[in-house]
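Take a look at the structure below.
Every read-out reported here was derived from the displayed coordinates using simple, explicitly stated rules and does not represent laboratory data. These numbers come from a predicted model, not from an experiment. Cβ placement follows ideal geometry from the backbone for every residue including glycine, while neighbour counts extend to all protein chains displayed.
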Amino acid sequence: MKTCSKIGPEGIVDVCIERFNKIKHLESETSTLIYDITSTYFHSTKLPKAQLGYNRDDNSLPQINSGLVATKNKGLPVLFRTYEGNITDVRTIEQLIADVKRVDLSIDAIILDRGMASRNNLIKLAGDNLKIIGGIPLTSNEAKELVMHDISEENEIIRPSGLIYYEDLATSLFGIPGRAIICFNHSDLEINNDKEKITVKAHEENRKKSKASRWQMLAFYHEF
């Protein structure tokens with residue numbers, strides 16, 4: 001316990017990377033990394049890192065945020081790092097870049113949550129030759145322009161949640177070349193499981209709605 005008490009945040013990351021380098025032979029030569037953040041909540045008032053911030057569960061408790069990097073192929077944990085509870089997800093990407101550079105692994109791409117994909121973060125990742133796969137918030141003018149397309153019903157996927165239309169476009173975002181996957185989850189879908197039939201109530205008046213509002217998700221894949 002005395003040894004553990006002397007390990008600070010950087011020491012924990014050092015131990016994680018050291019351990020991963022010993023098991024990385026279990027992975028393929030290149031790997032896609034997955035990065036995500038979760039929160040742990042506390043009633044204690046004595047933890048410096050426990051702060052009020054964006055609360056995923058709406059419980060109004062102080063929290064500590066933990067970021068985890070794992071390989072997509074085998075699910076091997078690479079490293080984790082804790083952050084003060086008032087540090088937003090988007091502000092952790094610069095530290096993520098510094099951390100993964102220390103990992104002795106050929107990284108094919110990094111998969112990010114939509115809440116981390118700001119303009120500056122995507123540019124930083126691309127500038128460090130790190131490929132990106134992630135959802136993009138429809139808040140920037142560039143992202144809004146990408147979704148201003150006519151809705152095509154040629155590409156469709158049937159999911160348990162409903163019928164999804166999608167467009168796969170070769171494009172660029174914030175000057176970064178790549179592919180944009182634009183998805184729309186049809187709101188007027190009626191599924192009859194007994195007859196295994198799908199009826200789409202598409203009204204002409206709905207077609208006249210704003211195109212941008214019809215698309216619900218934008219994902220971006222950075223290609224070198």
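General observations
- Subtracting the Cα-Cα distance of Lys72 and Ile158 from their residue separation scaled by 0.36 nm leaves 28.5 nm.
- In this calculation the C-beta distance from Asn55 to Phe80 is compared with R0 = 25 Å, giving a FRET efficiency of 0.80.
- With 0.36 nm allotted per residue and the present C-alpha distance subtracted, the Lys144-Glu29 stretch has 37.7 nm of extension available.
- The Cα atoms of the stretch 1-134 define a convex hull whose projected area, averaged across directions, is 8.9 nm².
- Taking Cα centre as origin and charging only the Cβ of basic (Lys, Arg, +1) and acidic (Asp, Glu, -1) residues, the dipole magnitude of the stretch 1-134 rounds to 220 debye.
- Arranged from fewest to most other beta-carbon atoms within 10 Å of their beta carbon, Leu47, Leu218 become Leu47, Leu218.
- Cross-link pairs beyond the 30 Å C-alpha cut-off, checked among Lys46/Lys74; Lys24/Lys131; Lys22/Lys131; Lys49/Lys124; Lys46/Lys124; Lys22/Lys46: Lys46/Lys74; Lys46/Lys124; Lys22/Lys46
- Judged by the ratio a/c of the largest to the smallest principal axis of the C-alpha gyration tensor, the stretch 76-127 counts as oblate, that ratio being 1.5 or greater while a/b is no larger than b/c.
- Virtual spin-label span in nm between Arg19 and Asp104, 7 Å along Cα→Cβ: 1.8 nm
- Contact order normalised by residue count of the stretch 1-134, Cα under 8 Å, 6+ apart, percent: 26 percent
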